[in-house]
Amino acid sequence: MLLSALIDWSRLQFAMTAMYHWIFVPLTLGMGVIMAIAETKYYRSGDDFWKETAKFWQKIFGINFASGIATGLILEFQFGTNWSNYSYFVGDIFGAPLAIEGIFAFFMEATFFAVMFFGWGKVSKKFHLTSTWLTIVGATLSAWWILVANAWMQYPIGMEFNPDTARHEMVDFMMVAFSPTAVVKFFHAVISSWVLGAIVVVGISGYYLLRNKRKEFAMESIKIACQLGLVASLITILTGHLAANQVATHQPMKLAAIENMYAGQTQAPLSIIGIPNPDKKRADWNSDKKDFIFNISMPYGLSFLSFNDPNSYVPGIKNIIEGGYTKPDGTIALSVEERMARGKKAIHALGAYKEAQKAGDTEEMNAQRAILDENFEHFGYGYFDNVEELIPNAQFLYYSFRIMVVLGLLFVLVFAWPLFALRKNRVSFSKARWYHWVGILSVPLVYIASQCGWIVAEVGRQPWTVQDALPVKAAVSSIAVANVKTTFFLFIALFTVMLIAELSIMFTAIKSGPKTDEKSNNINKPIR
């Protein structure tokens, strides 16, 4: 019971910190591109309008940048305080990308960030523009290494287990750094952050148009944001499909939970909208209770989404637990009970190996090492006592995934319409109050979509810290639950105060607005 409480509070604290952190990071990544495009237009045209436009979006960027660093540092400290067993077990691998991320964050980003903010009029236009682009390149490269670390937890490769140290050790850095999961995760997360940044720019610009002020600034900003956002939305849809391929291959339980699908099938349909049966709990995985109260699905959709083949077989939760189906690599899946038994055999062999090592019994060491190697693929399963522990929260994942997808498709329309309307009639667009309200209301919605994306990725991975290798229950630090509770409430209070302060500063900056010349504002002139 104490271990369960410790795991729950530790997970809650890490999730809370990560969700606060992910409020600031995607806006920094997305808005950084827009401010750099605006400054590029200033460099090419020499028009001070673009200089003030770039400076305004840099101000919003800077406010978020500082808050993102503060929450990110606390997040990394929690690996050592709350997840020390995890840090010991895989620190040789996980530490490398985090160290590289630190180099980019604290050297490249910080250096050029300072030039970008304090260098106006002090360095050449060319050097300042270069600094602006390198700031966002540095932030993006930082994201790469964080996502490499996260991708490795979803699909651990490029390592070997050393029984002498009882740790995983990296044997192929390139395999870790450029695994297909890492590449897809990077493009999906970063490009979707461009969508978030673009929506925020559309929302702030809509505020100015509703108040009938800074119209030229607002419409030019909307134009840049919608061009970037539309392209980013389409790429995000493509990378989302590739991510689904990865999940279907390496994390079939996550995919089955996202679909709330218990019985697998060929030509599997994709649930479009539905209401999962709330009476069907984890313990009912083998029962006859209906999966849904209501469900509308697309024929063949899930098979195509999973393997680009409408006739392919997709296993459900029940199939994964019972095993016996053919996996994408052609092998037959073992049952979870079989994997748990082999995992316990591997854990026992590791203990016996260490005892023989202390006794200097080389023959026994070799014998136990052979047993360990034979069963190590199932090592993590040995920590579980019943199969239900392997099932994530299917209903939570089902709704989170669909909220993310529906909002993502809505944003395509939000970006597409202005590109048409601005070319047709700028005056009419500036008076389209309904659209400006849509832009403002889309701001909280894009944050909800972004957070749902992380919920799908991270809650879907449960109960694993490192997929199939290290469960959450074995990764947590052995500390008092009371300490985790206390720091949880301290952090949530600190982050909330930080968020309120950040929003207050941002709203003040938005109210003041950019220093573009309103007198020269002529919304009838052609788009710049």
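Answer with yes or no whether residue 510 is in a helix (DSSP H, G or I), surrounded by fewer than 13 Cβ atoms within 10 Å (Cβ to Cβ), modelled with pLDDT of 90 or more and aliphatic (A, V, I, L, M).
Judged against the criteria, residue 510 is not a match.
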For this session: Assess whether residue 287 counts as being farther than 30 Å from residue 385 by Cβ, polar (S, T, N, Q) and out of contact with any Lys or Arg (no Cβ under 6 Å at 6 or more places or on another chain).
Result: no
Exercise. Only one residue in 353, 398 is among the aromatic types (Phe, Trp, Tyr), assigned to a helix (DSSP H, G or I), open to solvent by less than 50 Å² (accessible area, probe 1.4 Å) and more than 28 Å from residue 456 (Cβ to Cβ), so which one is that?
Worked result: 353
Exercise. Do you know which residues across region 42-79 are open to solvent by 30 Å² or more (accessible area, probe 1.4 Å), within 22 Å of residue 467 (Cβ to Cβ) and in contact with a helix residue (DSSP H, G or I) (Cβ under 6 Å, 6 or more places away or on another chain)?
Worked result: 79
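Name the helices (runs of 4 or more DSSP H) wholly within region 408-506 that hold at least 3 residues that are open to solvent by 60 Å² or more (accessible area, probe 1.4 Å)?
Details: elements: 426-430, 433-459, 472-475.
So the answer is 433-459.
Here is a list: 121, 95. Which entry is farther than 18 Å from residue 178 by Cα and free of Cβ contacts under 8 Å to residues at least 12 places away in the same chain?
Values: 95 fails: farther than 18 Å from residue 178 by Cα.
On inspection, the qualifying residue turns out to be 121.
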Exercise. Any idea which of (1) within 22 Å of residue 462 (Cβ to Cβ); (2) among the acidic types (Asp, Glu); (3) free of Cβ contacts under 8 Å to residues at least 60 places away in the same chain is the one residue 373 doesn't satisfy?
Worked result: (1)
Exercise. How about region 218-337: which helices (runs of 4 or more DSSP H) wholly inside it have at least 2 residues that are out of contact with any strand residue (DSSP E or B) (no Cβ under 6 Å at 6 or more places or on another chain) and surrounded by fewer than 22 Cβ atoms within 10 Å (Cβ to Cβ)?
Worked result: 301-307, 317-322
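Tell me, please, whether a residue that is aromatic (Phe, Trp, Tyr), open to solvent by less than 40 Å² (accessible area, probe 1.4 Å), in a helix (DSSP H, G or I) and in contact with a Ser or Thr (Cβ under 6 Å, 6 or more places away or on another chain) can be found in region 98-106. Lay out the reasoning, then the answer.
Of the residues in region 98-106, the ones aromatic (Phe, Trp, Tyr) are 104, 106.
So of that shortlist, the ones also open to solvent by less than 40 Å² (accessible area, probe 1.4 Å) come out as none.
No, because not a single residue in region 98-106 is aromatic (Phe, Trp, Tyr), open to solvent by less than 40 Å² (accessible area, probe 1.4 Å), in a helix (DSSP H, G or I) and in contact with a Ser or Thr (Cβ under 6 Å, 6 or more places away or on another chain).
The values are calculated or read from the model by the stated rules, or taken from the named source; none is laboratory data. For clarity, every value in this text was computed on a predicted model and none was experimentally measured. Here Cβ is always computed from backbone atoms with ideal geometry, including for glycine, and neighbour counts include all displayed protein chains. Calculation scope for accessible area: heavy atoms of the full protein, side chains included, ligands and nucleic acids excluded. Shrake-Rupley method; radii C 1.70, N 1.55, O 1.52, S 1.80 Å.
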